[in-house]
Every structure is written in C-alpha cells, then in structure tokens.
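Written out below as structure tokens is the structure these notes cover.
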Amino acid sequence: MSNVGVSKRTNAWVLGIGATILLAAFLVRLIGIDGRWMWFDELLSASYITHDIPQTLLANLRFDVHPPLYYLQLNLWSMFGDSDLWLMLNSVLWSVLAVALLMWRVRRLYDLQTAWIAGVLLAFASAALFYGDQVRMYAFLMVVMLWAWIAMDDWLKADRNGRFPWKVSLNVIASQTAVVYSHSAGIVMISGCVLYGAVELLRAGDLRTRIYWLVSEACVGVLSLYALALAAFRTTTHPVAPGIDDFINTWRFLAAGELGPQAIGVVMGFVLLGALVWLGVTQRDKRVGILTLVFAPLLASGVVSYVKPIWLDRIFVPVVPFLCLYVALFGASLLKTKRITAIAIAASVAALWVGVGTWGQAVRHKGDGYKPAAAYVREIAKPGDTVLVDGDFSYWCFMWYFAGRHWGYPQEAIIILPKWQALADKVGPDIAHLLGFNEQKRNVDVGGVNALMWDREAPVAINTHTVLAVRGKAAEPLNLPGFTLADTHAEHDLLVETWRKAVAP
C-alpha cells in the first residue's frame, strides 16, 4: 500500500472526526430552539437593526451601552430574514465557528488528540450553550476573543529580524479593537490576552521587542477611546461590584451554565478548578496561560467593578474557550499516561461535561412575555381599540412581535430624558431632526388598532372605548382616568389589562 493512499485515508479520517464534532456542536445548539423566542435584551438587539446600517449606528449611539460592531454584523445577517429562528441562528453559527477555530489552533499548537478534546468540550460547554442561541454578542465574542489570542500568539512567535512586525501587529490591533467594539466590558475581556503577551515578553523578549509590543498595544488604546468613553459615561443598573459569593456563582456558571446554582454546579466548579490547578502544578509551561487567559479577566473585572460596576456572569463567556483548552490539556495528559485510573478519570470528566451541557440545553427555557402577549392582543383587539404599552423600551419589544420588524424607528419612539432634550436644544432643530432627538412618534396603526407608547409623566387623552394595556408585573399599576379595569391576563412577567370606558351614571 502506498504512503499516498495511507495519507489520504488518514486525512479523510481526521476531517471526518472534526466534521462530526462540529455537527454535534451545531445539533446540540438546536435542541429546543423552536420552542424559544427572544427576551428583553435580545429584542433590544433586534430593535437596533430594524432598518439600514446608518439607522443601526444611530440607535446604538442613542440607547446602548455597548459599541456597535456586533449590531452591524447582525444588521447584515437580518437582510436575509428576521424571524426569531433566523436571528438566533446567527449566534448558533458564531458559537460553532468558535469550536472550529479552537480545534484548528490547538492542533497547530499541541496535537490532534488535544484539539479534538478541546473541540468536544467547547461544543458541549454549558455556558457556551446558554448563550449559543441568544441574539446577543457573546457567541460572536468567543470567536473574536479566539482571534485576539491567536493574533497575540502569532505575534510572539513572529520572526522580526530587527524590523517592526507590521503584518502580525496589524492582526493584534484589529482583533483586540474588535473585542473592545463588541462589548462595553471588552477592554477587560482582552486583559488576559494582553497580560499573556506581556508576561511572555518579560520572560523571553528583548528590549526592542517589548517596545514593539508597547507600540501595538498603544494603537489599540487609541483606537478604543470612543468605546471606552461610551462605557465610562453610559450606565446600567444590573452589574455589581462582586463579593466572594459573586465570584463563586460566576465560576459555577462557567462550569455548569444554567445548572450552576444547583448542586451539579458545585461539583462541576470543583472539577473545573481541580483540573486547572493540577495542570498548573504539574506543567509549569501552562501556568502563564491559565493565570492570564482564564483568571486575569475575572480579577480585572472585580477590580474595575469597585470603580464602575461591570460584573455579570455573561461577560466571562469569552473565557470559556480557554477553559476548554486547559481542561483538554489536562485530559490529554491523563490519556498519555496510559494508566487505567488516569484514563477513567479523563473519561468521567468528559462524560460529566457533555452530560451536564446536553441536559442543561434540553431543560433550558428562553423568552419572556412579549411574544405571547402580542399574540394575545392580536387575538382580542378589534379595529378602533388602543393598545397602550408602558414605557419606550417595552414598546419596541412588544411592537417587534405585534407589528413586525419595520414597525418604526426606535429613536423616534422614545421618552426623551432631560439631558437629550438639552442636547437637542443646543444642536438646533435641523440637526436634532436628522438625529431623531426631537421626534415623538408614539402611535402606530396596526390593522386599525392604535398601538400607543405610554409615558406616565406625560399621558395623553385616549379617545376609544377599549384599551389593552401592556405592562410589567413589577411595574406600578396604571391609572387611566375615565376607564375601569375589566380583565387582567398574565403572560410570563407581563400583564395585559383590558380597560373599558366608564359609563356615566
């Protein structure tokens, strides 16, 4: 038998196993996807891309704490469809691409066996699966973070010959800047890659190489100024300054996803931590990667959060590929011993990892009340009725399902805050109109039904017999003068209230 024939069969076998892992990653992300729909944050993502790219940029500038890169690619994706399934598939494919990219790089750095193990681990990683179909930037960020790591590793290994390494430096600059422009915490997300490069250069780099590295990172800093300013001046209420409990809960989430708060999360958290500690103790060359790529972003986020809170479990999803890498190295090292006990440990960890990921995906639910609430209102609303939605962001979310993608422009259906009104007054009416600062289009006619955005601070007269009011369960009750509450219908965390015009005595 010729060596050529053996080589072809080997390559076919290798490609077949890789393709099988990617197919498994794709299929497990489709489990239950047809029974899910978008929740509040996802519907905001969808609202920003309702029209063309300039409108996406404008809506992002006006309303979001995150920079626009993710929304721009989602806008392009939405040109071919806007169903829940189609938009979720965008994240599914980014998530699968992360698996492929990790396997490709690990094979080049280590070996084929480790690459396959890493691919399987990321394919079934609970935290990656949890965000694998969400119309948010986290699956996209896994790919961009892997790109940043690969670019940094290529930079460290480049043959410079005394010259500035332009090609690999541009790759470092582009990849890190892409991370920063994908999430408000992007600068913290890339901290691991930056520290990875810094530590390696301190160990083995000469002065000229260190200067070149500083120049490259300085370029990233300059290009990131807008994103940093946006993150610094925009605020959200849900991030926290973490305590010990937050660190533990986040670690359990990274280990077991939605099942993290349960007992299985504790077990998985200990297994994950044990594998990393064992690898770092027994293989010194892996310590830098573990400390920088895995733990540095958590520590950096914790420190930053005491200046400006940014801590949320989900901002660490881009760390998951690196967790899978080092757990794969742990598993591969056990397999290489060829000891029954070691192999049994590796197989048990892998089976537990895959089982928890698959089970979590099977029982996971996604979507709050906007889709069923819109369906209920469509069922009972009659021409001439008014649908009143409490608040501007909720109005966008409801209208996505009630009227469709092109219901209107978010920047025109908005409760203008005083600071925006002051800015509109300063720039003048023409520019304010161009930017949508001074627009208040509260009404959309949907098949003869008037869908109205409700501002509690500036209510308007309603001339109709029936009002269908949509509000959150936790919101203050509505007061509609001249109307009486006739019925209340609950959909998840939303209420649909039917109000009838009061009959004069």
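Just need the relative contact order of the chain here, percent rounded to a whole number, with Cα pairs under 8 Å and 6+ apart.
With pairs under 8 Å counted, the relative contact order is 17 percent.
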Q: Figure the gain on full extension for GLN113 and ALA232 (residue separation times 0.36 nm, minus the Cα-Cα span) and round it to one decimal in nm.
A: 38.5 nm
Q.
If you average the C-alpha positions of the range 92-122 and of the range 131-146 separately, how far apart do those two centres end up, in angstrom?
A. 15
(Q) A 28 angstrom limit on the alpha carbon distance is what I want to check against. Which of LYS371/LYS419; LYS286/LYS308; LYS308/LYS441; LYS371/LYS426; LYS426/LYS473; LYS308/LYS419 exceed it? (A) LYS371/LYS419; LYS286/LYS308; LYS308/LYS441; LYS371/LYS426; LYS426/LYS473
Q: With a point put 7 Å past each Cα toward its Cβ, work out how far ALA241 is from ASN463 in nm, to one decimal.
A: 5.4
Q: Would you tally the net charge around PRO239, using a Cβ to Cβ cut-off of less than 11 Å, leaving PRO239 out, and scoring K and R as +1, D and E as -1?
A: 0
Q.
Among TRP86, ILE345, ILE310, whose Cα projects farthest towards the positive end of the dipole of the chain, with charges put on the beta-carbon of Lys, Arg (+1) and Asp, Glu (-1)?
A. ILE345
Q) How large is the charge dipole for the chain, taken about the Cα centre, if only the Cβ atoms of Lys, Arg (+1) and Asp, Glu (-1) carry charge, to the nearest 20 debye? A) 2020
Q: Convert each backbone phi in the range 99-106 into a coupling constant with the Karplus relation 6.51 cos²θ - 1.76 cosθ + 1.60 (shift: θ = phi - 60°), then list the ³J(HN,Hα) values in order as whole Hz, x for Gly and Pro.
A: 4, 4, 5, 5, 4, 4, 6, 5
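By the scheme Lys and Arg +1, Asp and Glu -1, what is the net charge of all other residues having a beta-carbon under 13 Å from that of LEU101?
On the way: positive: ARG105, ARG107, ARG108; negative: ASP153.
Net of charged neighbours comes to +2.
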(Q) With both bridge residues required to lie in the chain, what share of the DSSP beta bridges run antiparallel, to the nearest 5%? (A) 70
**Q.** In degrees, nearest ten, helix 138-157 long axis to first principal axis of the chain (Cα)
**A.** 30
**Q.** Cα-based helix-to-principal-axis angle, 3-30 vs the chain, degrees rounded to 10
**A.** 30
**Q.** Proximal aspartates and glutamates relative to LYS382, as straight alpha-carbon distance under 18 Å, when same-chain residues fewer than 8 apart are discounted
**A.** ASP445, ASP487, GLU497
Q) So how much slack lies between SER83 and VAL307, counting 0.36 nm per residue of separation and subtracting their Cα-Cα distance, in nm? A) 76.7 nm
Q: Would you please give the residues with an amide H less than 5 Å from that of VAL387, counting only those at least 5 places away or on a separate chain, with H modeled from the backbone geometry?
A: ASN450, ALA451, LEU452, LEU468
Q. For the chain, what is the calculated [θ] at 222 nm in deg cm²/dmol (nearest 500), taking -39500 (n - 2.57) for each run of four or more DSSP H residues and dividing by its residue count?
A. -19500 deg cm²/dmol
Q. Across the range 232-242, in residue order, what do the Karplus-derived ³J(HN,Hα) couplings come to in whole Hz, using 6.51 cos²θ - 1.76 cosθ + 1.60 with θ = phi - 60° and x for Gly and Pro?
A. 6, 9, 8, 10, 10, 9, 8, x, 10, 8, x
**Q.** In order through the range 493-501: 3J(HN,Hα) via Karplus (6.51 cos²θ - 1.76 cosθ + 1.60), integer Hz, x for Gly, Pro
**A.** 9, 10, 10, 10, 9, 9, 10, 10, 5
Q. Under a point-charge model restricted to the Cβ atoms of Lys and Arg (+1) and Asp and Glu (-1), what is the dipole moment magnitude of the range 370-501 relative to its Cα centre, in debye to the nearest 20?
A. 140
Q. Along the charge dipole of the chain, which of GLY360, LEU101, LEU74 sits closest to the positive end, that is, farthest toward it, with unit charges on the beta carbon of Lys, Arg, Asp and Glu (+1, +1, -1, -1)?
A. LEU101
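By the scheme Lys and Arg +1, Asp and Glu -1, what is the net charge of all other residues having a beta-carbon under 11 Å from that of SER126? If you can, show how the numbers build up before the last one.
Values: positive: ARG252, ARG364; negative: GLU258.
With Lys, Arg at +1 and Asp, Glu at -1, the neighbours total +1.
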Q | Degrees, to the nearest 10: 340-363 long Cα axis against longest axis of the chain | A | 10
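Determine the shape class of the range 313-373: with a ≥ b ≥ c the square roots of the Cα gyration tensor eigenvalues, call it rounded for a/c under 1.5, and otherwise prolate if a/b is greater than b/c, oblate otherwise. Write down the numbers at each step before the final one.
Details: a/c = 6.68, a/b = 2.28, b/c = 2.93.
Note, shape of the range 313-373 comes out oblate.
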Q. If you keep only loop residues by DSSP, which trypsin sites (Lys or Arg not before Pro) in the range 448-489 have at most 14 other Cβ atoms within 10 Å of their Cβ?
A. ARG456, LYS473
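Values in this text are rule-based calculations from the coordinates and carry no lab data. What you are looking at is a predicted structure, and each value in this text was computed from that prediction instead of being measured. For neighbour counting, all protein chains shown are included, and Cβ atoms are generated from backbone atoms with ideal geometry for every residue, glycine included.
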